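Q: Handing you a structure now.
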Amino acid sequence: MARISGVDIPNEKRLDIGLTYLYGIGRSNVKSLLKDVEMDPARRVKTLTDEEISKIAKVIDKNFLVEGDLRQEVSGNIKRLKEIGAYRGARHAKNLPTRGQRTKSNARTKRGKRSTVGAQKKDDRIKQTEAKAESPEKK
């Protein structure tokens, strides 16, 4: 397995797909990267020599912000937005969508599993009040 920027790249993958395992490197970045290094994107990772791997690693370190550094920068940007009191920062703090999407319906990815508030059947309400009444007696 080739190791670049602290990430193991699977041997059986094509080079252009394998490099996308790095956080911050997508398909378009891979194309420009492989053009700089002058390598065939169809090659398998297992066919790379140590020299070629180090060549790729040098280009990535020089031209791209990847893995921990990129994660740190993104979290720093979000923290800055929260500190200055920006609307986007407030949306991040409340764990809601930041780019104007509707939240009355949808936004389930950000908001999590549905939980019904307010509407309960009579039987459920009675069971809940009985459970509350019994719990102090047990203590």
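The values are calculated or read from the model by the stated rules, or taken from the named source; none is laboratory data. Note that the structure is predicted; figures quoted are calculated from it, not measured. As a convention, Cβ positions derive from the backbone with ideal geometry for all residues, glycine included, and neighbour counts pool all protein chains shown.
Q: Could you list all residues from region 107-121 that are part of a helix (DSSP H, G or I) and surrounded by 12 or more Cβ atoms within 10 Å (Cβ to Cβ)?
A: 110, 111
Q: Confirm whether residue 131 is more than 25 Å from residue 4 (Cβ to Cβ), hydrophobic (A, V, I, L, M, F, W, C), in a helix (DSSP H, G or I) and free of Cβ contacts under 8 Å to residues at least 60 places away in the same chain. Quick ask: steps written out before the conclusion?
A: Values: more than 25 Å from residue 4 (Cβ to Cβ): yes; hydrophobic (A, V, I, L, M, F, W, C): yes; in a helix (DSSP H, G or I): yes; free of Cβ contacts under 8 Å to residues at least 60 places away in the same chain: yes.
In short, yes.
Q: Go through region 1-32 and report how many residues are out of contact with any Asp or Glu (no Cβ under 8 Å at 6 or more places or on another chain) and in a loop (DSSP other than H, G, I, E, B).
A: Residues that pass the stated criteria total 6.
Q: Suppose we keep only residues that are free of Cβ contacts under 8 Å to residues at least 12 places away in the same chain and within 24 Å of residue 37 (Cβ to Cβ) within region 49-88. Which one would you say is surrounded by the most Cβ atoms within 10 Å (Cβ to Cβ)? Full working, then the answer.
A: Residues of region 49-88 that are free of Cβ contacts under 8 Å to residues at least 12 places away in the same chain, as a first pass: 49-51, 54, 58, 62, 69, 72-77, 79-88.
Narrowing the set further to residues that are within 24 Å of residue 37 (Cβ to Cβ) leaves 49-51, 54, 58, 62, 69.
Working: 49: 8, 50: 8, 51: 7, 54: 12, 58: 11, 62: 8, 69: 14.
Of everything passing the filter in region 49-88, 69 is surrounded by the most Cβ atoms within 10 Å (Cβ to Cβ).
Q: While we're looking at this one, here's another question. Filter region 1-31 down to the residues that are polar (S, T, N, Q) and exposed (fewer than 14 other Cβ atoms within 10 Å of the Cβ), then identify the one that is farthest from residue 69 (Cα to Cα).
A: Start the filter on region 1-31 by keeping residues that are polar (S, T, N, Q), which leaves 5, 11, 20, 28-29.
Now restrict to residues that are exposed (fewer than 14 other Cβ atoms within 10 Å of the Cβ): 11, 28.
Values: 11: 25, 28: 20 Å.
Among those residues, the one meeting the criterion is 11.
Q: Condition check: over 30 Å from residue 20 (Cβ atoms), surrounded by fewer than 12 Cβ atoms within 10 Å (Cβ to Cβ), modelled with pLDDT under 95 and not assigned by TED's automatic domain parsing to the domain that holds residue 26. Does residue 130 satisfy that?
A: Yes, satisfied.
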